[in-house]
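In what follows, a single structure is set out as structure tokens and then discussed.
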Amino acid sequence: MEIEETKVKTLIYVLFLALCGFLVIGWFLDWYRIQDLSSSPGKYRLEIEIDAQKIRQDIERGRRKLEETWRQMQQRQDQAQASSRLSLRLGQE
């Protein structure tokens with residue numbers, strides 16, 4: 001029973017962190033806007049506007065950047081391995 005409870009707590013914690021991450025990143029990238037609208041005295045009214053198109057564009061841009069970075073890392077690794085093999089071959093001669 002304790003293991004199940006720990007798993008549920010961990011899941012809730014991860015979801016909470018993901019939500020916080022979305023809120024912080026979204027705030028700085030203008031994914032959403034919160035406006036205080038005038039209301040009757042003693043009452044508060046908020047309007048939340050989410051820009052789904054901007055979110056999709058930013059995620060796509062991030063995905064492309066990640067792929068580009070991954071490719072560059074692979075190329076550097078391949079070059080380092082090729083250089084290492086060449087050094088080993090020259091050392092054997």
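The values are calculated or read from the model by the stated rules, or taken from the named source; none is laboratory data. As the structure is a prediction and not an experimental result, all values here were calculated from the model. Note that each Cβ is placed from the backbone with ideal geometry, even for glycine, and that neighbours are counted across all protein chains shown.
Brief remarks follow.
- Pairing each residue of the stretch 22-44 that is aliphatic (A, V, I, L, M) with any residue that is in a loop (DSSP other than H, G, I, E, B), provided the two are 6+ apart or on different chains, yields C-beta distances under 8 Å for Ile25/Trp31.
- In the stretch 1-39, the qualifying residues are those that are surrounded by fewer than 10 Cβ atoms within 10 Å (Cβ to Cβ) and charged (D, E, K, R), and the one that is modelled with the lowest pLDDT is Glu2.
- Yes/no for Ile59 being of a type in the set (Val, Ile, Thr), in the same structural domain as Gly21 (by TED's automatic domain parsing) and either part of a helix (DSSP H, G or I) or within 18 Å of Gly21 (Cβ to Cβ) (or both): no
- Qualifying residue in the stretch 63-76 (condition: modelled with pLDDT under 95 and among the acidic types (Asp, Glu)): no
- Counting the residues of the stretch 1-51 that are closer than 28 Å to Gly62 by Cβ and either assigned to a helix (DSSP H, G or I) or over 14 Å from the mean Cα position of the chain (by Cα) (or both) gives 29.
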